[in-house]
Structures are given as structure tokens and as C-alpha cells.
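Peer 1: Got a structure for you, questions after.
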Amino acid sequence: MDHDQITAEEFKKRLAQLCLSGRSNELPRKQRDRQIILKSIALYLAPFLAKEQSCSEREINAALSRWVGDVGHSLEPDHAALRRTLVDEKYLERTEGGAAYRLSSSAGAGLFAAGVDLINPALVIDEAILEAAAKREKYRNRPPA
């Protein structure tokens with residue numbers, strides 16, 4: 001394993017931090033964080049898009065809206081810009097006329113360690129929200145100093 005690869009543990013931790021803190025309509029500037037966000041979108045889209053299946057721009061936009069609601073809570077991306085970035089960064093492939101899209105098999109090749117492809121981004125966010133709520137509850141219920 002390359003020591004610079006993004007591990008499953010790092011992926012989960014950074015995804016939660018990036019998606020649950022602050023508000024932004026831009027993708028992260030740091031390339032590593034940007035790739036984590038893009039990979040999370042590809043992982044999220046995978047169940048909706050079988051490897052050989054393609055979908056329309058409208059369907060991609062609907063899936064991106066679901067990703068924002070389920071995963072990218074603090075992100076408010078422009079769907080067109082996000083879709084273009086996914087194509088530019090090789091996470092999505094687009095037909096010549098732009099009428100259809102499909103997941104790319106080469107996205108993030110070599111950047112992510114084994115196990116990242118098995119992560120459910122929505123579950124990561126749900127678990128992070130529950131963990132934060134439990135910490136808040138524990139803090140509220142601590143004995144007075």
C-alpha cells in the first residue's frame with residue numbers, strides 16, 4: 001500500500017468533517033479533500049448506476065441532489081459545476097453530445113486504499129451525526145463542576 005493513499009479510516013473521518021462543518025457552495029481547494037468528496041459522490045451514485053448503465057443529465061442532477069441531502073449536508077454545490085468536475089476528474093464519463101453519463105471505472109485509481117470502495121457515504125454521515133449527538137448529550141448530562 002502506498003503511504004500516500006487515502007485509507008478507509010481517513011476517508012470516513014474527513015468526509016464527516018467536510019460534510020458536516022460550515023457551509024460552502026464550492027468544493028474543497030485541498031486536492032486530497034476534493035478527491036474524498038468526489039469519490040463519495042461516485043460511491044453514492046454506484047447503486048443508482050450499474051457499471052454499464054448510463055443515465056440522463058436530469059437523472060444525474062436528481063442523484064446529486066440526493067447526495068447533497070444524504071451526505072453533503074454543509075455543501076451547496078452548483079449541480080452543473082459539480083457534474084462537470086466529476087467528468088473532468090474522471091469520476092463520470094459523458095457521451096459526446098452530453099446526453100448520457102455513466103460512472104468511470106478509472107476514477108481515483110491508485111489514490112484510495114483497499115476498502116474505500118466498500119464505504120457507504122450516507123451511512124458514514126448518519127453515524128457521525130449520531131456520534132456528535134451522543135457527545136452533546138454526554139456533555140449536557142455531566143455532573144456540575
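The values are calculated or read from the model by the stated rules, or taken from the named source; none is laboratory data. Fair warning: this is a prediction, and the values are worked out from it, not measured in the lab. Quick reminder, even Gly has a Cβ in these numbers, built from the backbone with ideal geometry, and neighbours come from all protein chains shown.
Peer 1: Pairs needed: first member in region 90-108, in a loop (DSSP other than H, G, I, E, B); second member anywhere, modelled with pLDDT under 80 and hydroxyl-bearing (S, T, Y); C-beta distance under 6 Å; at least 6 residues apart or different chains.
Peer 2: K90/S106
Peer 1: Hey, another quick one. State whether the residues of region 10-19 include one that is closer than 27 Å to A133 by Cα, of a type in the set (F, W, Y) and either without any contact (Cβ under 8 Å) to a residue 40 or more places away in the chain or surrounded by 17 or more Cβ atoms within 10 Å (Cβ to Cβ) (or both). Before the answer, list the steps.
Peer 2: From region 10-19, those closer than 27 Å to A133 by Cα are 10-19; that's our starting set.
Now restrict to residues that are of a type in the set (F, W, Y): 11.
From what is left, the residues that are either without any contact (Cβ under 8 Å) to a residue 40 or more places away in the chain or surrounded by 17 or more Cβ atoms within 10 Å (Cβ to Cβ) (or both) are 11.
Yes: region 10-19 contains one or more residues that are closer than 27 Å to A133 by Cα, of a type in the set (F, W, Y) and either without any contact (Cβ under 8 Å) to a residue 40 or more places away in the chain or surrounded by 17 or more Cβ atoms within 10 Å (Cβ to Cβ) (or both).
Peer 1: Taking into account only those residues within region 127-145 that are in a helix (DSSP H, G or I) and either of a type outside the set (D, E, K, R) or closer than 14 Å to S40 by Cα (or both), which is modelled with the lowest pLDDT? Break it down stepwise before answering.
Peer 2: Narrowing region 127-145 to residues in a helix (DSSP H, G or I): 127-140.
Now restrict to residues that are either of a type outside the set (D, E, K, R) or closer than 14 Å to S40 by Cα (or both): 128-130, 132-134, 139.
Numbers: A128: 93, I129: 92, L130: 92, A132: 85, A133: 85, A134: 86, Y139: 80.
Step by step, filter region 127-145, then rank; the result is Y139.
Peer 1: Determine whether L27 is surrounded by 12 or more Cβ atoms within 10 Å (Cβ to Cβ) and modelled with pLDDT of 95 or more.
Peer 2: Numbers: surrounded by 12 or more Cβ atoms within 10 Å (Cβ to Cβ): yes; modelled with pLDDT of 95 or more: no.
No.
Peer 1: With respect to I60, is the statement that it is assigned to a helix (DSSP H, G or I), more than 24 Å from A132 (Cβ to Cβ) and β-branched (V, I, T) true?
Peer 2: yes
Peer 1: Next question, about the same structure. May I ask you to list the residues in region 74-108 that are farther than 17 Å from R58 by Cα and among the hydroxyl-bearing types (S, T, Y)?
Peer 2: Applying the first criterion (farther than 17 Å from R58 by Cα) to region 74-108 yields 74-76, 88-91, 104-108.
Matches in region 74-108: S74, Y91, S104, S105, S106.
Peer 1: Would you check which residues across region 19-47 are assigned to a helix (DSSP H, G or I), closer than 21 Å to A80 by Cβ and among the aliphatic types (A, V, I, L, M) and list them? Quick ask: steps written out before the conclusion?
Peer 2: As a first pass, look at region 19-47 and keep what is assigned to a helix (DSSP H, G or I): 19-20, 31-45.
This time we only want the ones that are closer than 21 Å to A80 by Cβ, so: 19, 34-35, 37-42, 44-45.
Once the filter is applied, which keeps residues that are assigned to a helix (DSSP H, G or I), closer than 21 Å to A80 by Cβ and among the aliphatic types (A, V, I, L, M), region 19-47 yields I37, L38, I41, A42, L45.
Peer 1: If you don't mind, another one. Would you mind stating whether L86 is over 17 Å from L49 (Cβ atoms), in contact with a strand residue (DSSP E or B) (Cβ under 7 Å, 6 or more places away or on another chain), in contact (Cβ under 8 Å) with a residue 24 or more places away in the chain and not aromatic (F, W, Y)? Give the steps one after another, and end with the answer.
Peer 2: Values: over 17 Å from L49 (Cβ atoms): no; in contact with a strand residue (DSSP E or B) (Cβ under 7 Å, 6 or more places away or on another chain): yes; in contact (Cβ under 8 Å) with a residue 24 or more places away in the chain: yes; not aromatic (F, W, Y): yes.
The answer is no for L86.
Peer 1: Out of curiosity, is E26 over 14 Å from the mean Cα position of the chain (by Cα) and either among the acidic types (D, E) or closer than 17 Å to P121 by Cα (or both)? Steps first, please.
Peer 2: Working: over 14 Å from the mean Cα position of the chain (by Cα): no; either among the acidic types (D, E) or closer than 17 Å to P121 by Cα (or both): yes.
So E26 fails the test.
Peer 1: Turning to a different aspect of this structure: So how many residues does region 109-126 have that are surrounded by 10 or more Cβ atoms within 10 Å (Cβ to Cβ), farther than 19 Å from E59 by Cβ and in contact (Cβ under 8 Å) with a residue 24 or more places away in the chain?
Peer 2: So in region 109-126, the residues surrounded by 10 or more Cβ atoms within 10 Å (Cβ to Cβ) come out as 111-117, 119-126.
Then drop every residue that is not farther than 19 Å from E59 by Cβ, which leaves 111-117, 119-120, 123-126.
Narrowing the set further to residues that are in contact (Cβ under 8 Å) with a residue 24 or more places away in the chain leaves 111-117, 119-120, 124-125.
The qualifying residues number 11.
Peer 1: Evaluate region 6-13: report whether one residue or more is at pLDDT below 90, farther than 15 Å from Y91 by Cα and charged (D, E, K, R).
Peer 2: To start, the set of residues in region 6-13 that are at pLDDT below 90 comprises none.
No - not one qualifying residue is present in region 6-13.
Peer 1: Restricting to region 70-81, and then to whatever is in a helix (DSSP H, G or I) and modelled with pLDDT under 90, can you tell me which residue is surrounded by the most Cβ atoms within 10 Å (Cβ to Cβ)? Show your work before the answer.
Peer 2: Of region 70-81, the ones in a helix (DSSP H, G or I) are 70, 79-81.
Next, from what is left, pick out any that are modelled with pLDDT under 90: 79-81.
Numbers: H79: 15, A80: 11, A81: 12.
The qualifying residue surrounded by the most Cβ atoms within 10 Å (Cβ to Cβ) is H79.
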